[in-house]
1. Report the local net charge at A88: Lys and Arg +1, Asp and Glu -1, summed over other residues whose C-beta lies under 14 Å from its C-beta.
2. In whole Hz, what ³J(HN,Hα) sequence does region 27-38 give by Karplus (6.51, -1.76, 1.60; θ = phi - 60°), x for Gly and Pro?
3. Give me the net charge of L51's neighbourhood, meaning all other residues with Cβ under 11 Å from the Cβ of L51; Lys, Arg count +1, Asp, Glu -1.
4. In the Gaussian network model of the chain, springs joining C-alpha atoms below 10 Å, which of S148, S134, S158 carries the largest mean-square fluctuation?
5. Can you give me the accessible area per residue for region 27-178, using a 1.4 Å probe, in Å²?
6. If I compute mean projected area of the Cα convex hull in nm² from the structure I just sent, which labelled value in (1) 14.4; (2) 10.6; (3) 32.7 lines up?
7. Highest mean first, how do 21-33, 86-98 rank when packing is the count of other Cβ atoms within 10 Å averaged over residues?
8. In the chain, what percent of the accessible surface is made up of carbon and sulfur (1.4 Å probe, ligands and nucleic acids excluded)?
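The values are calculated or read from the model by the stated rules, or taken from the named source; none is laboratory data. Note that the coordinates shown come from a computational prediction; the quantities given were computed from them, not determined experimentally. Positions of Cβ are backbone-derived with ideal geometry, glycine not excepted, and every protein chain shown enters the neighbour counts. All accessible areas refer to the heavy atoms of the entire protein, side chains included, with ligands and DNA or RNA removed. Shrake-Rupley method; radii C 1.70, N 1.55, O 1.52, S 1.80 Å.
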Amino acid sequence: MQKNFGSTQSLAVLEQLQASIAAQLTVPLYQGGAEYAAIRQAKETLGQRRLDLDTARDQVQANVTQAWGQLEAAKAQIDATQSQVTAAEVALNGVREEARVGQRTTLDVLNAQQELVNARVSLVTAQRDRVVASFTLLATVGRLSPQSLALGTETYDSRVHYHQVRDKWIGVRTPDGR
């Protein structure tokens with residue numbers, strides 16, 4: 001906007017106002033579709049990430065289900081092998097009594113003892129499988145940590161380590177400051 005006051009030669013026009021407005025509009029005739037392609041690519045990437053999330057969620061759920069099934073199977077195996085141990089003990093006692101009265105041989109007694117040992121080994125193996133399955137389940141659901149297991153160990157704190165080595169330049173200091 002411009003404002004002029006009259007000149008000394010002409011007294012008729014004392015004041016003159018002049019205004020102008022300019023605008024520029026740029027419309028591309030051809031862009032090659034790069035902007036729309038980038039938008040489509042972002043939408044496809046979003047869809048792919050959502051599918052990846054669903055796949056990961058399904059995989060975790062399958063792993064938890066499998067770990068739970070293994071734990072339940074291990075518990076059932078313990079019950080079965082305990083029954084097997086009990087049956088082997090009863091059978092061994094019966095074979096010993098029969099051997100004492102002369103109806104069984106020493107080999108029969110040894111075979112019955114071997115069956116009892118095998119049953120006890122199976123029981124210990126089943127108990128071990130249950131412990132492994134329970135820790136596998138804890139690891140699968142993300143609860144296998146020293147804090148959740150209430151272990152009496154010191155846990156690693158990255159902030160403490162950072163404060164111990166933050167001014168270390170070359171490697172001459174150890175984390176305890178010496």
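1. Around A88, the charge tally is -1.
2. After applying 6.51 cos²θ - 1.76 cosθ + 1.60, I find 10, x, 7, 8, 10, x, x, 5, 5, 5, 5, 5 Hz.
3. Spelling it out: positives minus negatives among the neighbours equals -1.
4. The residue with the greatest mean-square fluctuation here is S158.
5. 80
6. Given (1) 14.4; (2) 10.6; (3) 32.7, the structure-derived one carries the label (3).
7. Packing proxy ranking, top to bottom: 86-98, 21-33.
8. So the carbon and sulfur contribution to the accessible surface is 56 percent.
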